[in-house]
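Undergrad: Take a look at this one; I'll ask things after.
The values are calculated or read from the model by the stated rules, or taken from the named source; none is laboratory data. What you see is a predicted model; the values in this text were computed from it and never measured. Because the Cβ atoms are built from the backbone with ideal geometry, glycine has one as well, and the counts that use them run over all protein chains shown.
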Amino acid sequence: MKNFCAFLRGVNVKGTNMKMADVCKVFSEAGVQNVSSVLASGNILFQSDKNSTELKTILEKTMSQHFDYEAFLFIKEEEEIKDIFKNDPFPPIENFHNYIFIGSEKVEETLFEEFEKSTKEEGEQGKIINGIFYWQVPKGQTLNSTFGKVLGKKSLKDKMTSRNANTFEKIINKFEK
């Protein structure tokens, strides 16, 4: 059995509200084991013998049917999550947020292109490492920055999701318990 985390897109924002206990129950009913959540933003830890592609298909369908919404989720194995966190090129800086974007193949290139075209806040940075887009932005500017506004585009909604680097750290810590 491998450890996984499913990163759900668009949970508890813009009217898509769900309790993580209910989400965990749906995951368990879909056949995965040892299900738990980290924070209320849709980070579900579980174990399975299936691969990420199979799990994505099964869990998106189950979530969509149960909660009556179009579910998008991205599944990573424990080791992938640890590597992604370890590769964050931006050290933590006071008054800045570090975000990590995961999604469908090549979405990081689209994100980087959009980032390059955007007007930058002072100190704002973006970089791709091993197929993952990392973004550092001043606190309070996440949604106000030019790039932050791009992230809400409908054309991206099924292609990626992001988490603060602190969330990745919490997920890794929970895996290790």
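Undergrad: Just to be sure I understand the filter: pairs with C-beta atoms under 8 Å, separated by 6 or more residues or on different chains, first member in region 91-118 and farther than 19 Å from LYS157 by Cβ and without any contact (Cβ under 8 Å) to a residue 60 or more places away in the chain, second member of a type in the set (Gly, Ala, Ser) and surrounded by fewer than 17 Cβ atoms within 10 Å (Cβ to Cβ). Which pairs pass?
TA: Short answer, once both residue conditions are applied: ILE93/GLY123; PHE96/GLY123.
Undergrad: Name the residue, out of THR57, THR62, THR53, that is of a type outside the set (A, V, I, L, M), touching a residue at least 12 places away in the same chain (Cβ under 8 Å) and either touching a His at 6+ places or on another chain (Cβ under 7 Å) or over 30 Å from GLY123 (Cβ atoms) (or both).
TA: On the way: THR57 fails: touching a residue at least 12 places away in the same chain (Cβ under 8 Å); THR53 fails: touching a residue at least 12 places away in the same chain (Cβ under 8 Å).
Exactly one residue qualifies, and that residue is THR62.
Undergrad: Still on this structure: Return yes or no: is GLY148 in a loop (DSSP other than H, G, I, E, B) and farther than 16 Å from PHE90 by Cα? It would help to see each step written out before you state the result.
TA: Details: in a loop (DSSP other than H, G, I, E, B): no; farther than 16 Å from PHE90 by Cα: yes.
When the stated conditions are applied, GLY148 does not pass them.
Undergrad: Scan region 29-45 for residues that are part of a loop (DSSP other than H, G, I, E, B) and within 10 Å of CYS5 (Cα to Cα) and report the count.
TA: At the first step, the residues of region 29-45 found to be part of a loop (DSSP other than H, G, I, E, B) are 30-32, 38-42.
Subsequent filtering for residues that are within 10 Å of CYS5 (Cα to Cα) retains 38, 42.
Qualifying residue count for the region: 2.
Undergrad: Looking at region 87-140 only, could you name the residues that are surrounded by 15 or more Cβ atoms within 10 Å (Cβ to Cβ), out of contact with any strand residue (DSSP E or B) (no Cβ under 6 Å at 6 or more places or on another chain) and hydroxyl-bearing (Ser, Thr, Tyr)?
TA: Once the filter is applied, which keeps residues that are surrounded by 15 or more Cβ atoms within 10 Å (Cβ to Cβ), out of contact with any strand residue (DSSP E or B) (no Cβ under 6 Å at 6 or more places or on another chain) and hydroxyl-bearing (Ser, Thr, Tyr), region 87-140 yields THR110, SER118.
Undergrad: If the Cβ limit is 9 Å and pairs must be 6+ apart or interchain, which residue in region 9-34 that is at positive phi pairs with which residue that is at pLDDT below 95 and charged (D, E, K, R)?
TA: GLY10/GLU70; GLY10/LYS157
Undergrad: Between ILE128, ILE100, which is within 21 Å of PHE4 (Cβ to Cβ) and in a strand (DSSP E or B)?
TA: Numbers: ILE128 fails: within 21 Å of PHE4 (Cβ to Cβ).
Selected residue: ILE100, the only one of ILE128, ILE100 that is within 21 Å of PHE4 (Cβ to Cβ) and in a strand (DSSP E or B).
Undergrad: Take the residues of region 145-157 that are surrounded by fewer than 16 Cβ atoms within 10 Å (Cβ to Cβ) and in contact (Cβ under 8 Å) with a residue 12 or more places away in the chain: which is nearest to the chain's Cα centre (by Cα)? Write out each step before concluding.
TA: Looking only at region 145-157, we keep the residues that are surrounded by fewer than 16 Cβ atoms within 10 Å (Cβ to Cβ), and these are 146, 149, 152-155, 157.
This time we only want the ones that are in contact (Cβ under 8 Å) with a residue 12 or more places away in the chain, so: 146, 157.
Numbers: THR146: 20, LYS157: 12 Å.
Ranking the candidates gives LYS157 first.
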